[in-house]
Every structure is written in C-alpha cells, then in structure tokens.
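Participant: Before I ask anything, here is the structure I am working with.
The values are calculated or read from the model by the stated rules, or taken from the named source; none is laboratory data. Model, not experiment: these values are computed from the prediction. Note that each Cβ is placed from the backbone with ideal geometry, even for glycine, and that neighbours are counted across all protein chains shown. For the accessible areas, the whole protein counts, side chains as well, though only heavy atoms, and no ligand, DNA or RNA atoms are used. Shrake-Rupley method; radii C 1.70, N 1.55, O 1.52, S 1.80 Å.
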Amino acid sequence: MRRFVQAIAADAVPGALSADIGVALSDAPPRYNIASNGDARVLLMHDGEVAVDTLRWGLVPRWSKLPETAYSTITARLNRAPTSRIYARPWASRRCVVPMNGYYKWDRSGARPVPHFIQARSGELLFAAGVWDLWERELPPLASFALLTMPNTAIPRPLSPDGPLFLPASKLFAWLSDPAPDPTRIAGTPQPELEAYPVSKRIRSRDVDDYTLLEPAPPDAPDETDDDFDPDGDVDED
C-alpha cells in the first residue's frame with residue numbers, strides 16, 4: 001500500500017476511544033489521498049494517555065544524519081520489524097495506530113495495473129498498527145511513522161494477499177502501552193472482512209485529494225495518465 005484515506009466522521013469513532021479522540025479525528029480536514037511523506041493523524045501514547053498527533057508517513061530513524069532516507073520506510077514487515085536496525089527501537093517503545101477509512105492497492109494480475117480501494121465490509125473504521133520515531137538532529141524535530149504489513153487472506157482476489165495489520169478497537173490501548181508483543185502472536189490477530197472495488201488511476205497524482213477518488217471506476221476505463229505509467233512507482237506492492 002502506498003496511499004490511504006482519512007475522512008473520519010465523529011459517529012465512526014468507536015466508543016472504545018475517548019470522546020476527545022473522536023473530536024480530534026473528526027475535526028481534522030478529510031484526506032482522500034495520503035501518500036508517502038504526507039502528514040496523517042496517528043494515535044500514540046502521551047503521558048500515559050492515548051493522544052492524536054500529526055506525523056509524517058515514512059519513518060526517519062533517530063540516528064539518520066538527514067530528515068529523510070534513501071529507501072522507502074512507509075511500511076515495515078511485521079516479522080522483521082522487531083529485529084530491524086530501523087524499526088527495533090520503535091517496536092520496543094514507540095508503537096502507534098493509524099485510523100483510516102481504507103487504502104488503495106493495485107491489481108497487477110492483468111495487462112495493465114488497476115487501482116482498487118479496500119475498506120472494511122462492515123463500513124467501520126480500520127485501525128492499522130504502526131511504529132514511529134522522533135528525529136531530533138535539527139529543529140523542529142520530525143515525528144514519522146511506518147505501517148506494519150503482513151500476509152492477509154482477507155484481502156479480496158485478485159489483489160495480492162498482503163497488507164496492513166489491523167487491530168480491533170478493544171486492543172488499541174494494549175498495542176500502544178504494553179511491552180513489545182511477540183510478532184508471531186500479533187500476526188494471529190483476526191483481521192476484519194474486507195471488500196474492494198476499482199477506482200480511478202487519478203490516485204497517482206499527489207495533487208488530487210478529494211472524495212471523487214472513492215467513486216467506482218470501470219477497470220478498463222481509458223485514463224489520461226496511462227502514458228505516464230511508472231511500473232516502479234506507486235504500484236509497487238508492500
């Protein structure tokens with residue numbers, strides 16, 4: 001996944017989260033095309049309480065010389081994150097949750113890749129597990145995050161069965177505050193039933209960020225961006 005949606009209504013925030021969390025999420029401007037290096041609303045622990053903060057998507061480790069990396073850090077494999085040089089410390093003490101309406105994923109099974117929007121079949125908000133870090137070599141400090149990914153057979157075919165690790169609302173506090181979990185055990189977390197449908201290739205453009213991106217589009221619809229298709233760009237899988 002390389003794009004996701006945060007357009008959260010107040011009544012979509014589950015009761016397991018505080019009213020303040022619901023207000024903070026629903027008052028944020030809706031975003032329909034959050035891409036790498038974009039800002040997103042993230043749940044994390046602050047002074048023993050769950051709080052909402054704005055972090056950049058694409059984790060910059062605290063030891064990096066620059067506030068950027070030469071490689072993509074928007075996702076981290078669940079089975080490798082606990083021992084990774086980049087993610088081990090965040091895994092141990094800086095875990096986070098990214099609420100989202102859903103995310104975009106490309107179907108690469110045909111002659112031309114087709115973007116799909118994936119959401120919970122129930123229509124409920126999804127909570128993706130992540131890790132974050134704080135880069136402080138210069139001011140202002142940079143807080144950034146990565147989403148954890150793993151195999152997920154709930155993802156509808158023909159999309160590849162791999163994507164974010166989703167957590168139930170009842171488990172969010174434990175994920176954020178408990179000691180680092182066993183990755184094998186957390187991988188067994190039941191995943192929500194998901195559904196997917198094709199959408200416009202306009203999601204490729206970072207400049208397009210409105211609700212029309214969620215409208216269904218025929219998978220064979222002509223698209224003015226086809227000539228600019230980059231097979232090594234945003235259609236890469238996790």
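Participant: Give the carbon-plus-sulfur fraction of the accessible surface of the stretch 29-154 in %, rounded to a whole number; probe 1.4 Å, heavy atoms of protein chains only.
Facilitator: Accessible surface attributable to carbon and sulfur in the stretch 29-154 totals 48 percent.
Participant: A follow-up question, please. Report the residue, chosen from L194, L25, L44, that carries the largest GNM mean-square fluctuation when the chain is represented by alpha-carbon nodes joined by springs under 10 Å.
Facilitator: L194
Participant: Give, in nm to one decimal, the length gained when the segment between F173 and R89 is fully stretched (0.36 nm per residue of separation minus the Cα-Cα distance).
Facilitator: 28.3 nm
Participant: On to the next question. If you take the Cα Rg of the stretch 1-142 and divide it by 2.2 N^0.38 Å, with N the number of residues, what do you get?
Facilitator: Taking the Cα Rg and dividing by 2.2 N^0.38 Å, one obtains 1.11.
Participant: Can you pull out the chymotrypsin sites (Phe, Trp or Tyr not before Pro) in the stretch 1-99 whose DSSP state is coil and whose Cβ has at most 11 other Cβ atoms within 10 Å?
Facilitator: Passing sites in the stretch 1-99 are W63, Y71.
Participant: What's the longest uninterrupted piece of the chain once you rule out the trypsin sites (Lys or Arg not before Pro) that are loop residues per DSSP with at most 11 other Cβ within 10 Å? Walk me through the numbers before you get to the answer.
Facilitator: Values: sites that count: K65, R85.
Answer - 86-238.
Participant: Can you give the convex hull volume of the alpha carbon atoms of the stretch 51-101 per residue, in Å³?
Facilitator: Spelled out: Cα convex hull of the stretch 51-101, divided by residues, is 108 Å³.
Participant: Mean shadow of the chain, computed from the convex hull of its alpha carbons, in nm²?
Facilitator: Quarter of the Cα hull surface area: 12.9 nm².
Participant: Another question, if that's okay. With N set to the residue count of the stretch 1-60, report its C-alpha Rg divided by 2.2 N^0.38 Å to two decimal places.
Facilitator: 1.16
Participant: Can you work out the accessible area per residue across the stretch 129-205, with the rest of the protein chains kept in place, probe 1.4 Å, in square angstrom?
Facilitator: That works out to 48 Å² for each residue.
Participant: What figure, in Å² to the nearest 10, do you get for the accessible area of S109 with a 1.4 Å probe and non-protein molecules left out?
Facilitator: The value for S109 is about 80 Å².
Participant: To continue, here is another question. How big is the gap, in Å, between the Cα center of the stretch 114-148 and the Cα center of the stretch 27-90?
Facilitator: Answer, in whole Å: 6.
Participant: Then there's this: Just the Kirkwood number for the stretch 75-206, please: inverse of mean 1/r across all distinct Cα pairs, in Å, one decimal.
Facilitator: Mean inverse Cα-Cα distance, inverted, gives 16.0 Å.
Participant: Can you check how the C-alpha radius of gyration of the stretch 91-155 compares to 2.2 N^0.38 Å, as a plain ratio?
Facilitator: The stretch 91-155 yields a ratio of 1.48.
Participant: Under 37 °C and 0.692 mPa s, how fast does the stretch 29-74 diffuse according to Stokes-Einstein, given a Kirkwood radius computed over C-alpha pairs? Answer in µm²/s, whole number. Provide the component values of the computation, followed by the final result.
Facilitator: Working: Rh = 12.2 Å.
My calculation gives 268 µm²/s for D.
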